[in-house]
Amino acid sequence: MLNINKEVNGKSCVYYLEGRLDTTTAPQLEGDIKESITDINSLVMDLSKLEYISSAGLRVLLSAQKTMNKQGSMVVRNVRDEVNEIFDVTGFADILTIE
Amino acid sequence: MNRSMKEITLEAKVENLEEVLAFVDEILSVYDCPMKTQIQIDVAVEEIFVNIAHYAYTPNVGIAEIQAEVSGDNPKCFSITFIDSGMPYDPLKKEDPDITLTAEERQIGGLGIYMVKQSMDEVDYKHENGKNIFNLKKYLD
């Protein structure tokens with residue numbers, strides 16, 4: 001289960017993810033991001049309620065990061081310890097801007 | 001198969017991932033397993049099962065048999081074995097991704113098996129009697 005909430009304000013967009021970002025739910029987020037960030041220059045991923053992420057979820061974050069590198073910036077914030085551990089192991093802690 | 005071993009047999013398809021994770025989490029729920037360890041196990045199980053679902057029987061769908069148990073004491077050890085009769089495939093042979101590259105240089109993919117290798121205490125693949133047999137072990141301390 002993944003709940004996706006977002007706030008769009010002009011050219012900024014904040015995503016609030018709740019639950020699990022895995023093989024089953026990643027396509028849903030990927031599709032949503034693709035549609036939503038075409039005119040965005042500031043993307044924030046709030047992960048305070050994200051409990052779990054697998055490689056399928058990491059792929060979506062990497063792809064969003066690549067897009068935002070071209071058109072603005074992306075920040076990941078409020079990461080839980082368990083998810084942060086996965087960012088560390090995979091080197092994503094260095095790729096993403098984590099606040 | 002010994003008494004404490006639990007088993008589930010299902011079609012190797014991504015739609016069944018939730019059922020596989022529920023099977024694993026039910027086994028772990030009896031033990032005082034730290035959240036971090038449980039998530040590492042879930043991630044590893046997801047990566048291996050999805051790998052089988054995506055590649056073992058392509059383009060058909062086949063069966064995956066999963067056996068799991070917790071054994072030993074101080075520390076207890078969770079062991080899970082995935083068995084399929086699909087194409088011989090050793091995911092451990094896959095080259096590790098370079099995790100020092102920048103976002104632009106990073107490839108999408110290759111991370112799953114790497115995460116399994118990093119987070120589990122033992123990973124073992126063998127091909128026997130026409131079956132892929134993949135075992136993971138993780139100490140629950």
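Within the stretch B:52-65, can one find any residue that is within 13 Å of chain A (Cβ to nearest Cβ) and of a type in the set (A, V, I, L, M, F, W, C)? The answer is yes; a qualifying residue exists.
Within the stretch B:9-44, being within 14 Å of chain A (Cβ to nearest Cβ) and over 15 Å from the mean Cα position of the chain (by Cα) holds for B:E15, B:C33, B:P34, B:M35, B:K36. Of all residues in the stretch B:18-37, none that is more than 20 Å from A:V89 (Cβ to Cβ) has its Cβ atom under 6 Å from the Cβ atom of a residue that is among the small types (G, A, S) and in a helix (DSSP H, G or I), 6 or more apart or on another chain. Selection within the stretch A:68-83: residues that are without any contact (Cβ under 8 Å) to a residue 40 or more places away in the chain and more than 10 Å from chain B (Cβ to nearest Cβ). The member of this set that is farthest from B:M35 (Cα to Cα) is A:Q71. Against the numbered list (1) modelled with pLDDT of 95 or more; (2) in contact with a Gly (Cβ under 6 Å, 6 or more places away or on another chain), B:I52 comes up short only at (2). Residues in the stretch B:89-137 that are surrounded by 18 or more Cβ atoms within 10 Å (Cβ to Cβ), more than 14 Å from chain A (Cβ to nearest Cβ) and aromatic (F, W, Y): B:F134 only. Only one entry in B:N60, B:N74 is modelled with pLDDT under 95, exposed (fewer than 13 other Cβ atoms within 10 Å of the Cβ) and under 17 Å from B:Y139 (Cα atoms), namely B:N74. Considering every residue within the stretch A:37-59, establish whether at least one is of a type in the set (S, T, Y), within 24 Å of A:G72 (Cα to Cα) and at pLDDT below 95. Yes, that holds for at least one residue.
Evaluate the following for A:T67: is it over 10 Å from the mean Cα position of the chain (by Cα), under 28 Å from B:D96 (Cα atoms) and surrounded by fewer than 16 Cβ atoms within 10 Å (Cβ to Cβ)? It is false that A:T67 is over 10 Å from the mean Cα position of the chain (by Cα), under 28 Å from B:D96 (Cα atoms) and surrounded by fewer than 16 Cβ atoms within 10 Å (Cβ to Cβ).
Only residues that are touching a Lys or Arg at 6+ places or on another chain (Cβ under 9 Å), of a type in the set (S, T, Y) and farther than 21 Å from B:V50 by Cβ were counted across the stretch A:26-74, and they come to 4.
The criterion of at least 1 residues that are among the charged types (D, E, K, R) and within 19 Å of A:K34 (Cβ to Cβ) is met by the following helices (runs of 4 or more DSSP H) wholly inside the stretch A:48-99: A:55-71.
For B:F23, the test of being in a helix (DSSP H, G or I), surrounded by fewer than 23 Cβ atoms within 10 Å (Cβ to Cβ), at pLDDT 95 or above and out of contact with any Cys (no Cβ under 7 Å at 6 or more places or on another chain) is passed.
The residue that is nearest to B:L17 (Cα to Cα), among those in the stretch A:1-56 that are in contact with a helix residue (DSSP H, G or I) (Cβ under 7 Å, 6 or more places away or on another chain), of a type outside the set (A, V, I, L, M, F, W, C) and more than 10 Å from chain B (Cβ to nearest Cβ), is A:E30. Of the residues that make up the stretch B:45-57, is at least one surrounded by fewer than 17 Cβ atoms within 10 Å (Cβ to Cβ) and either on the phi > 0 side of the Ramachandran plot or out of contact with any Asp or Glu (no Cβ under 7 Å at 6 or more places or on another chain) (or both)? The answer is yes; a qualifying residue exists.
The values are calculated or read from the model by the stated rules, or taken from the named source; none is laboratory data. Small disclaimer: the values here were computed from a predicted structure and weren't measured. For neighbour counting, all protein chains shown are included, and Cβ atoms are generated from backbone atoms with ideal geometry for every residue, glycine included.
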